[in-house]
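Taken together, the values in this text are just the output of simple stated rules run on the coordinates, not laboratory data. Since the model is a prediction, treat every value here as computed from it, not as a measurement. Heads up, the Cβs are rebuilt from the backbone with ideal geometry, glycines too, and the neighbour counts pull from every protein chain shown.
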Amino acid sequence: MIKTGAEIFIECLLKENVKVLFGIPGGQVLPIFDKIFDARDKIKFVLTRHEQGAGHMADGYARSTGDVGVCIATSGPGAANLTTALATANMDSIPVVAFTGQVVTTLIGNDAFQEADTTGITRPVTKHNFLVKDVKDLARTIREAFYIAKTGRPGPVLVDIPADIQRATTEFVWPEKVDIRSYKPVYSGHIGQIKKVADMINSAKQPLLYVGGGIVSSDASTELLKLAEKIHTPVTTTLMAIGCFPPDHPLNLYMPGMHGNYAANHAFQNCDLIIAIGARFDDRVTGKLSAFAPKAKIIHIDIDPTSISKNVMVDIPIVGDAKNVITELLKYVNKKNNKDWLKKISEWQKANPFSYKKDNKLRPQYIIDKISEITKGEAIVVTEVGQNQMWSAQFYKPKYPRHFLSSGGLGTMGYGFPAAIGAKIANPKKTVIDIAGDGSIQMNIQELATAVLNNINVKIVILNNNCLGMVRQWQEMFYKKRYSAVCLAKPNGCLASELSFKRSPLMIPDFVKLAEAYGAVGIRVTKKEDVENTLIKALKIEKTVVMDFLVEEEENVFPMVPAGAALDEIITSLA
Amino acid sequence: MRHTISVLVENKSGVLARIATLFAARGYNIDSLSVGETDDPSISRMTIVVRGDEKILEQVEKQLNKLIDIIKLNDFLNVEHVERDLVLLKVKADKSTRNEILQIVDIFRAKIVDVSTNVLIIEMTGDEEKIQALLNMLKPFGIKEMARTGIIAMARGG
Ligand SMILES: Cc1ncc(C[n+]2csc(CCOP(=O)(O)OP(=O)(O)O)c2C)c(N)n1
């Protein structure tokens, strides 16, 4: 059948089983939007208020399901606004396909109205991108874009489609198979290496499983649990892996690294073998590299060869998919009992668990503790970036993978709320909560309109400390309390160092009124004793709810490994 | 260490930019880069000569391999291979120097490809060393212009 490029676009999305599309139209995507109108019964279109919002929604959709999230924007400014969301997805290996309109092919390179070199701008922040210059290539390109996004190490892919290509016509042919000769991800690990790894595990005395987002993307939680139990080895889960190991399991060591669990960090420094799976030895995890895990041999299982021996030298690498490799590995490892090692670990764990002061002040950690308790870890929690993110990682205990979504690699403030909308649209039956800072939430607050109009029942929990808390914490600890540009109630954000950080009566904005202005429900909480009731009540409201918790202003995230320090130079509190 | 890296890539727009970005992002200067179609017109071969820290280069090569449009990568560091570069030199030459230059050209098995009253254009192929030697010999006469293709390379044997 002869079809226009715009019609082919819709056909391809239907073939790819796309159910939701997030975005904003503009001059260079009008032909496509005309067809989106026709397809509105088959593909739900969510009109966002900012393209960054659309990108993060697609990301939240993808993280919470494992399916590809899809967004669309116009050329120039629309495409430029998508870049932060693409970079966020790229750093965390999230399958997203983004479409952008482009000026007509004859004008490309002429500084035409709303022209930007979109493939040029997004090249470093995508797994791959395409500029379609012939309508005959469109269907195959879209097919390849989805394939590349979700296979191998997943990632965002952008397809730039000039307006004349959207209007041009050709015979529509859906390529049943994808075969890209230069792209052949390896899924099964080398059997010789697997056997070597098994030997190493069998003879280790103090092994540690260090797992990352690769477990989530390869859907390997069940296999991980089997492996950990069989080889009786504690598991530390990175920010990206939270939820992929049962929360109250005796082998769970929770998050490692800068704000990670004391026991996990000490386990790194004392173990004789690290079994890294789908994790990338990020500097926020390893601390000072030269002092990292001094006694350990290292096994690294990852689908991406570039992750291996990038930061730390690895003794045995296995390139392959986590689920496949663990399944194979299970055949060769012996059942073990490492009870002496686990005893040591449980001593560290008892000495310094994640904790906070249990007084009658409204402390942010308490709120997250309560969220974990009330939702039984069955809610999808999305975070912003800063202290709110680290406290969420420490105190929210999700029962399942894909129930803790956070911008790990890029640390993008403004990620949480739109990602929560995407996650809720993908999981309408689940409770979805965005845990936010009062700074971060303002970076994509405009999406309240999107949420309310689409009747998205997400809960926003603002841990309102009246400041850019994480930056303030660094200034308190490493810059002699010289609070520069962190107070959200001052025109320049600065506070003289002798002034203690006290909440100003100014509320700019007043989040409760703001929520109401958008047609959402706004609730303010100022006392600890109101937290539990408010949360229970809010979770029952079938609407977008903003809860503004006025928390202790100068609360800090502990423990903390200062930047550049070794993992065992961990600070557990300020003296 | 000097590395000669040979890469087979899809013959498409944007591929060169992807490769160059990987080097640029790490502050690498590419010594030479040459690109041309192979016997299969849908595939190009790029030959990249670069110097740098071994560990970083290893990472760059992995990253290159990961690019979707790269089909195959070979580093010739420890591989027996042939390297060739082609140079065009415009050298000052008047009556008094012309003969001497012709002799040098002869010794190096180079070629004169253009003659005018006061300059010659000389063409030569060879590896880096040979080209450097020719350059050294001709410098005293005055080199007015030089153009090089950059190294191309091929592994020996099957
Ligand atoms: C887009 C962006 N800009 C700046 C930063 C740097 N940054 C990291 S944490 C932070 C403060 C976050 O403040 P808030 O959202 O109020 O959260 P809190 O730390 O108080 O919980 C800032 C500015 C960032 N991560 N992302």
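Details
- Share, in percent, of DSSP beta bridges within region A:1-120 that are antiparallel, nearest 5: 0 percent
- Region B:56-142 - percent relative contact order, Cα under 8 Å, separation 6 or more: 30 percent
- Simple point charges give the picture: +1 on the Cβ of Lys and Arg, -1 on the Cβ of Asp and Glu, and for chain B a dipole about the Cα centre of about 360 debye.
- Residues whose amide H falls under 5 Å from that of B:S32, counting only those 5 or more places apart or on a different chain, are B:V49, with hydrogens built in the peptide plane.
- Placed amide H near B:K72: partners under 5 Å, 5+ positions off or other chain: B:L8
- Relative to the dominant Cα principal axis of chain B, helix B:95-107 is inclined by about 40°.
- Other protein chain Cβ atoms within 10 Å, averaged over every residue that makes up A:128-141: 1
- Cβ crowding within 10 Å, taken as a proxy for footprinting-reagent exposure, orders A:S309, A:S290 from fewest neighbours to most as A:S290, A:S309.
- Degrees, to the nearest 10: B:54-66 long Cα axis against longest axis of chain B: 70 degrees
- Mean separation of Cα contacts under 8 Å, 6 or more apart, over the residue count of region A:251-377: relative contact order %: 21 percent
- Too-long pairs where the Cα-Cα distance tops 32 Å, listed order kept, from A:K350/A:K527; A:K424/B:K62; A:K459/B:K62; A:K19/A:K184; A:K150/A:K399; A:K42/A:K127: A:K424/B:K62; A:K459/B:K62
- Average Cα contact separation per residue, chain A, under 8 Å, 6 or more apart, as relative contact order %: 14 percent
- Cleavage-rule hits (chymotrypsin sites (Phe, Trp or Tyr not before Pro)) in region A:71-152: DSSP loop, at most 16 neighbouring Cβ within 10 angstrom: A:F113
- Charge context of B:V7, other residues only, Cβ under 9 angstrom, K/R +1, D/E -1: +2
- Shielding of B:64-71 by partner chains, average beta-carbon count, 10 Å: 5
- Take each peptide in A:41-52, A:263-274, A:416-427, count the other Cβ atoms within 10 Å of every residue, and average; sorted highest first, the result is A:416-427, A:263-274, A:41-52.
- At q = 0.14, 0.16, 0.28, 0.29 Å⁻¹, base-10 log of I(q)/I(0) for region B:45-107 (Debye sum, equal scatterers on each alpha carbon): -0.64, -0.70, -1.31, -1.34
- Charge tally around A:L453: other residues with Cβ under 14 Å, Lys/Arg +1 each, Asp/Glu -1 each, net +3.
- DSSP beta bridges in chain A [antiparallel fraction, %, rounded to 5]: 10 percent
- Amide H partners (placed H, <5 Å) of A:K288, local residues excluded: A:G564, A:A565, A:A566, A:L567
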